[in-house]
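Notes for the one structure printed next.
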Amino acid sequence: MPLLEVSRLSKEFDGLRALDGVSFSAEEAEILGVIGPNGAGKTTIFNIISGIFPPSSGEISFQGKTIHRLKTHQISRLGIGRTFQLVRPFQNLDVETNILVASGHPFYPSFRKSFAPFRKPEILGEVQKLIDRTGLRPYARQIAKNLPLGIKKRLEIARALALKPRLLLLDEPSGGLRFEESVQLMELIRQIREQGIGVLLIEHNMQVIMDLCKRIVVLDHGSKIAEGSPEEIRSNPQVIQAYLGKES
């Protein structure tokens, strides 16, 4: 049984069809790439999977459970975490507290009560492990708004991992990063996969996608036009015309 299964997914906004019958599946502990030109529908798929938008038609199942009618917090509690193209930490909180907020998210009765009850040794211990796993130890006490972009991206991933997901949706995590930062990010994503967490990865950086993914889904104008290995995608004439050719 696939970890995630997307079946005939469509989405319309005021008569404009952003997705048109897209289907694909993601396996346990797989890094599955999703590529396509701007406006292809990639982030729309993430928004539907994570419960921000309902689909116009189609179905989504996660670990065999139908999720496309659930709310965002219900989906996250089932084990799906995500990051966004624009990083969204709590700007005036330090790195440790940002992760602490995410760690307690499943249990909070309200945002106002989200800190004190969960500053317990066992939870703080989990936060420290996440800080180490994501390479944030030198920045643990720094305020989020003062961090460079590459570290903010790592913080986004750490906060998503604090939800203890089985599947992590990463929306252009290497966007705006220098080459060295992208290489470090790729290693972090590999480590996440090695920990048994599946990754659904949207990227415009073709080196990142081709190096990380054994399987790639290609979208264009809301439709899936190809799916296969990096080698198959590189040589697919339809993909070259729709996307890869435009990058050269």
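The values are calculated or read from the model by the stated rules, or taken from the named source; none is laboratory data. Quantities reported herein were computed from a predicted structural model and do not represent experimental measurements. Please note: Cβ atoms are built from the backbone with ideal geometry, for glycine as well, and neighbour counts cover all protein chains shown.
In the condition set (1) surrounded by 15 or more Cβ atoms within 10 Å (Cβ to Cβ); (2) over 15 Å from Leu170 (Cα atoms); (3) within 17 Å of the chain's Cα centre (by Cα), His73 is compliant with all but (1). Evaluation of Arg141 against the conditions (1) modelled with pLDDT of 95 or more; (2) not in a loop (DSSP other than H, G, I, E, B); (3) not small (Gly, Ala, Ser) shows that the sole unmet condition is (2). Of the residues screened, Ile99 is one that is crowded, with 17+ Cβ neighbours inside 10 Å, farther than 16 Å from Val217 by Cα and in contact with a helix residue (DSSP H, G or I) (Cβ under 8 Å, 6 or more places away or on another chain). Per the listing Leu200, Leu212, the residue uniquely over 23 Å from Ala18 (Cα atoms), buried (at least 19 other Cβ atoms within 10 Å of the Cβ) and in contact with a strand residue (DSSP E or B) (Cβ under 8 Å, 6 or more places away or on another chain) is Leu212.
Applying the condition of being charged (D, E, K, R) and not in a helix (DSSP H, G or I) to region 118-134 and asking which residue is modelled with the highest pLDDT yields Lys120. For Pro109, the criteria (1) part of a helix (DSSP H, G or I); (2) at pLDDT below 95; (3) surrounded by fewer than 12 Cβ atoms within 10 Å (Cβ to Cβ) hold in every case but one, which is (1).
Restricting Pro37, Pro54 to those that are at pLDDT below 95 and either of a type in the set (D, E, K, R) or outside any strand (DSSP E or B) (or both) reduces the list to Pro37.
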